[in-house]
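The values are calculated or read from the model by the stated rules, or taken from the named source; none is laboratory data. A quick note: this is a predicted structure, and the numbers were derived from the prediction, not measured. Here the Cβ positions follow ideal geometry from the backbone for every residue, glycine too, while neighbour counts run over all protein chains shown. The area values use the complete protein model at the heavy-atom level, side chains included, leaving out ligands, DNA and RNA. Shrake-Rupley method; radii C 1.70, N 1.55, O 1.52, S 1.80 Å.
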Amino acid sequence: MVKIKKQKIHPHKKRREASSKPRRNFKGFFNFLFWTLLVACIGAGVVGFQYLFVDSDCFNVKAVDVKFYDEKNVLRKEPLTDIDDKKIIGANIFLVDLKSFKDEIEERHAELRDIIVRRVLPNRLLVQAKKRQPFARIHSDRQYLLDRECVFLPDTKNFLVEEMPLISGVRITSSRDSGPRLNESQEEKIKKALFLIAMISRNKKLLKFKLKNIDVTDIRNISFYFDAENVEIKIGDSEFNKRLDTLGTVLEQLGQDIGRVKYIDLRFEDPIVGPR
């Protein structure tokens with residue numbers, strides 16, 4: 001006998017499948033809306049940024065403040081003439097070329113060093129610098145002052161020129177429009193003299209003596225004089241440290257008898273003291 005397997009019949013299944021509707025793609029719509037709003041916000045931000053920082057007068061430069069470090073390394077506000085700030089005043093502070101402005105100041109003011117130019121929001125520029133200090137002088141066609149780095153200072157009115165050590169044996173000239181131009185020999189002589197001045201000023205044995213004059217006419221046979229003693233000190237062109245220590249010992253031994261001495265020659269192993 002054959003058994004017939006009964007199957008369950010779902011008469012409404014096909015009807016439900018036929019009646020189901022396709023779902024809408026809301027995820028794609030929200031992605032499109034998000035990116036559209038994002039691009040719109042970025043565009044509005046760019047326009048607002050341009051107006052606020054570029055087109056608005058809020059960030060136009062209204063002044064240039066100048067401050068110098070004094071001898072105590074304290075910043076003090078001082079006027080600085082001969083700065084061409086016509087192109088700076090009224091310009092947008094973010095569009096000012098600080099490097100070009102700094103280079104212009106360095107070119108016009110050789111007496112300044114370590115110059116820094118920075119923006120002070122919303123509308124000011126700040127110039128900070130150190131003034132070069134005179135270290136020595138040269139008397140040629142006129143009086144010249146130099147700092148430790150062999151930079152000629154343009155103004156001698158505010159300094160006690162006679163207090164500076166004199167470098168002799170160098171003849172230089174300059175025009176009104178430009179500073180002195182040194183040839184290789186002149187520059188070598190001056191730098192050698194400045195180096196010796198620095199070493200004399202640092203030598204503890206010579207602190208009580210004031211340097212008056214350094215003669216570099218012959219750079220291989222440099223000599224110098226102290227202010228109170230009219231004694232020529234011949235030091236040559238090398239071994240300055242060793243020879244200055246020897247000089248300190250000789251001067252200590254001479255004491256009050258220094259007035260009887262015409263010269264002290266330090267160029268040899270044993271110093272030579274020449275009487276008057």
Next on the checklist: Any residue in the range 240-256 that is within 20 Å of residue 197 (Cα to Cα) and without any contact (Cβ under 8 Å) to a residue 24 or more places away in the chain sitting within a Cβ distance under 8 Å of a residue that is open to solvent by 20 Å² or more (accessible area, probe 1.4 Å) and of a type in the set (Val, Ile, Thr)? List the pairs, counting only those 6 or more apart or interchain.
Outcome noted: 250/273
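Where in the range 106-211 are there strands (runs of 3 or more DSSP E), lying fully within it, with 2 or more residues that are surrounded by 14 or more Cβ atoms within 10 Å (Cβ to Cβ), without any contact (Cβ under 8 Å) to a residue 40 or more places away in the chain and of a type in the set (A, V, I, L, M, F, W, C)? Give the derivation first.
Numbers: elements: 112-120, 124-131, 136-139, 143-146, 166-168.
Output list reads 112-120.
Going through 161, 216 one at a time, which residue ends up being at pLDDT below 95 and of a type in the set (A, V, I, L, M)?
On the way: 216 fails: at pLDDT below 95.
Residue meeting the stated conditions: 161.
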Next on the checklist: Quick check on my filter: what residues within the range 229-266 are in a loop (DSSP other than H, G, I, E, B), modelled with pLDDT under 95 and crowded, with 16+ Cβ neighbours inside 10 Å?
Outcome noted: 229, 231
Next on the checklist: Looking only at the range 66-97, how many residues end up being open to solvent by less than 50 Å² (accessible area, probe 1.4 Å) and under 14 Å from the mean Cα position of the chain (by Cα)?
Outcome noted: 1
